[in-house]
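What follows is one structure encoded as structure tokens, with my remarks underneath.
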Amino acid sequence: MKIISWNVNSVRARIENIINYIKDSKPDILFLQEIKTQDENFPRDIFKQAGYESYVFGQKSYNGVAFLSKIKISNIDKNFIKDKLKQSRVITGDIKINSKNIKLINVYIPNGNPIDTEKYSYKKDWLNLFNKNVKKIQKKYSNIIISGDFNVIPEEIDVYDSKRYENDALFKLEIRKKFRELMNLGFNDVYRYFNKNNYEYTFWDYFAGSWAKNYGMRIDHFLISNNILENVKSVNINKKPRGRIKPSDHTPIEIEIN
């Protein structure tokens, strides 16, 4: 089974690119973030024609997450986290792979910049609550896949210039510690598990020729329960969509799991 995660930076603005990607890569399940549209305006019919059911937690103009899936996702939940700003940032559901029940958690974590504002406090509080709720759900589910735009650069190797980001909300030590706390609940960063020393990125800003210069960062992740890690056969950061016309500033990360 091929599962991918992609911050599309507006599903309607990126619809042609998404459809072309689906045709080329043929994923079974897509985790989409920053869809930037309300549920009623999500292009369900277009994805239905491509063979995918849509499960959407939208918001007007900002945020928003969705699953697209060829297989049934049950127990869809849009209330995994009680967001104090009422932002649409997490959608969860259940699938079955080879008789294993797996909880899917699709997440769009707050950016948190600038760090001297309420946005940073909101990010810290949000991460604390998210980690707490993951720990709760582990009492019921032992097989969990968390994926999405984490807005966290885990290590120096995951950004083109770590010194530049020392006081950025994506790389501040206390934010990275919260990411590590989440992993310590029994998860592995799948990309880094398979690629110990690679410098690869999932995000390049639109400005200052970042894409052409490869001034990127790895902030989109798959975290997978340790007990199903052996079922993951491969992981790939697919850079092709970032080089298209009218691209998202993120590119898909893909896993194959049995």
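Read-outs throughout are calculated quantities, based only on the coordinates presented, and are distinct from any laboratory measurement. Bear in mind the structure is a predicted one, so any value in this text is a computation, not a measurement. Reconstructed Cβ throughout: ideal geometry from the backbone, glycine too, with neighbour counts over all protein chains shown.
Tabulated values for the structure
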{"item": "Simple spin-label estimate for R176 and N195 in nanometres, 7 Å along Cα-Cβ", "result": "1.8 nm"}
{"item": "Assigned charges on the beta-carbon of Lys, Arg, Asp, Glu; the chain dipole about Cα centre (debye)", "result": "500 debye"}
{"item": "Within the chain, helix-based [θ] at 222 nm, where runs of 4 or more DSSP H residues each add -39,500 (n - 2.57), nearest 500", "result": "-6500 deg cm²/dmol"}
{"item": "DSSP-loop trypsin sites (Lys or Arg not before Pro) across the stretch 10-47, with at most 16 other Cβ within 10 angstrom", "result": "R12"}
{"item": "Spin-label model distance (nm) - A212 vs K132, 7 Å beyond Cα toward Cβ", "result": "4.8 nm"}
{"item": "Translational diffusion of the stretch 31-104, µm² s⁻¹ [Kirkwood Rh, Cα pairs; Stokes-Einstein; 10 °C; 1.306 mPa s]", "result": "123 µm²/s"}
{"item": "Packing-based exposure ordering (other Cβ within 10 Å, fewest first) of M183, M217", "result": "M183, M217"}
{"item": "Gyration tensor verdict on the stretch 89-141 (Cα atoms; rounded if a/c is under 1.5, prolate if a/b is larger than b/c, oblate otherwise)", "result": "prolate"}
{"item": "Karplus 3J(HN,Hα) series, Hz, for the stretch 236-242 with 6.51 cos²θ - 1.76 cosθ + 1.60 (x for Gly, Pro)", "result": "8, 9, 8, 7, 4, x, 5"}
{"item": "Sum of side-chain charges, I71 neighbourhood, beta-carbon under 13 Å (Lys, Arg +1; Asp, Glu -1)", "result": "+1"}
{"item": "Sorted by Cβ density within 10 Å, fewest first, the residues D83, D158", "result": "D83, D158"}
{"item": "Note, ³J(HN,Hα) from phi for the stretch 77-82, Karplus 6.51, -1.76, 1.60, rounded to Hz, x at Gly and Pro", "result": "9, 9, 10, 4, 10, 8"}
{"item": "Segment K233-E16, length gained on full extension (0.36 nm per residue, minus Cα span)", "result": "75.2 nm"}
{"item": "Beta bridges per DSSP with both ends in the stretch 108-258, % antiparallel, nearest 5", "result": "95 percent"}
{"item": "Distant alpha-carbon pairs in the stretch 119-190 (separation over 18 angstrom), percent", "result": "41 percent"}
{"item": "Cα radius of gyration and Dmax for the chain (Å)", "result": "16.9, 48"}
{"item": "Virtual spin-label span in nm between D116 and I46, 7 Å along Cα→Cβ", "result": "4.2 nm"}
{"item": "Of N167, N143, N106, the one that fluctuates the most in a GNM where the chain has Cα springs shorter than 10 Å", "result": "N167"}
{"item": "Loop-located GluC sites (Glu not before Pro) in the stretch 140-205, at most 11 other Cβ atoms within 10 Å (DSSP)", "result": "E166"}
